[in-house]
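The structure under discussion appears below in the form of structure tokens.
The values are calculated or read from the model by the stated rules, or taken from the named source; none is laboratory data. Treat the numbers as computed from the prediction; the structure is a model and nothing was measured. Reconstructed Cβ throughout: ideal geometry from the backbone, glycine too, with neighbour counts over all protein chains shown.
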Amino acid sequence: MRIIVPYPPGIAPDIVARLVAQALSERLKQQFVVDNRSGGASNVGTSIVAHAVPDGYTLLVVTTTNTINTSLYDNLDFNLIRDIAPVAGLVRLSLVLAVNPSVPAQTLPEFIAYAKANPGKINYASVGSGAATNVAGELFKQMAGINLVNVPYRSNYMPDLISGQVQAAFTPILQSVEYIRAGTLRALAVTGATRSESLPGIPAAAEFVPGYEASVWDALGAPANTPADIVEALNMQVNTVLSDPALKAQFAALGAEPMLMTPAEFGKYIAAETEKWGRVVKTARIKVD
């Protein structure tokens, strides 16, 4: 069984895929192999699975990025909704709105008020136009009624955030939690619908901006037309290993929580996410470089 990860080794989707692959291999006594096929902001690996034989032996790690890319790229040789069958959720992670301590705001309401009083004067870092760290910020801008300026980075923005070259970021909790605990950065809110166990004292942005939610998630898909009985069997096995306390503890160390869904539930979720991020991309007029 091959699990294609459309990203390089060592980043969150790859780590999650390897943990799940190991758990499935041990449970089913069958080898689940992670195959990294990075490139094109996940489009290369996704295309491989979209055109693979639908026999249940090729799976894809689907992420938030896939749902964003649907609206960012006009020349994809696949359609996410049409060509990838939903199999199972894996994990969901919140981002955290972290600011440099020089920003005169101790709370999210103070940050919003400061941004409204200083339109266009606060910038936030992201890992590139159209990335989850960008669209999370753009959705927040739209819903909070403020004007923040995106500063896209091709490499690690954390040194500039710590030094104050950029003032804020909607950043993965795992990447920033040590700086938050040390007081080098100030956490104002997490982007999930509820508070995160990794930062339990930090409110969810939705507590002040009702309806705001910008989770980053990983899941499993398969080529369209993969037999339904195979999809259902895979879903059952994935949900079983996701419920294992040992695996849940490993996810928690990444700032992630299991995302148990049926194939039908995941299908509805991915469609809703695709529509949601499509609206954000269109409203913000986000273009890839």
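For this structure, a couple of remarks:
- Test: residue in region 267-287 that is out of contact with any helix residue (DSSP H, G or I) (no Cβ under 6 Å at 6 or more places or on another chain), exposed (fewer than 15 other Cβ atoms within 10 Å of the Cβ), modelled with pLDDT under 95 and not small (Gly, Ala, Ser): yes
- Residues being farther than 30 Å from ALA50 by Cβ, of a type in the set (S, T, N, Q) and outside the structural domain of LEU220 (by TED's automatic domain parsing) are represented in region 87-102 by at least one member.
- Test: residue in region 186-193 that is touching a residue at least 40 places away in the same chain (Cβ under 8 Å) and surrounded by fewer than 17 Cβ atoms within 10 Å (Cβ to Cβ): no
- Residue selected from region 47-78 under the condition in a strand (DSSP E or B) and under 16 Å from the mean Cα position of the chain (by Cα), by the criterion nearest to VAL20 (Cα to Cα): VAL61
- In region 104-145, the residues that are under 23 Å from the mean Cα position of the chain (by Cα) and either β-branched (Val, Ile, Thr) or not assigned by TED's automatic domain parsing to the domain that holds PRO203 (or both): VAL127, THR133, VAL135
- Restricting ALA41, ALA52 to those that are hydrophobic (A, V, I, L, M, F, W, C), assigned by TED's automatic domain parsing to the domain that holds GLU257 and on the phi > 0 side of the Ramachandran plot reduces the list to ALA41.
- Hey, VAL44 surrounded by 21 or more Cβ atoms within 10 Å (Cβ to Cβ), at pLDDT 95 or above and part of a helix (DSSP H, G or I) or not: no
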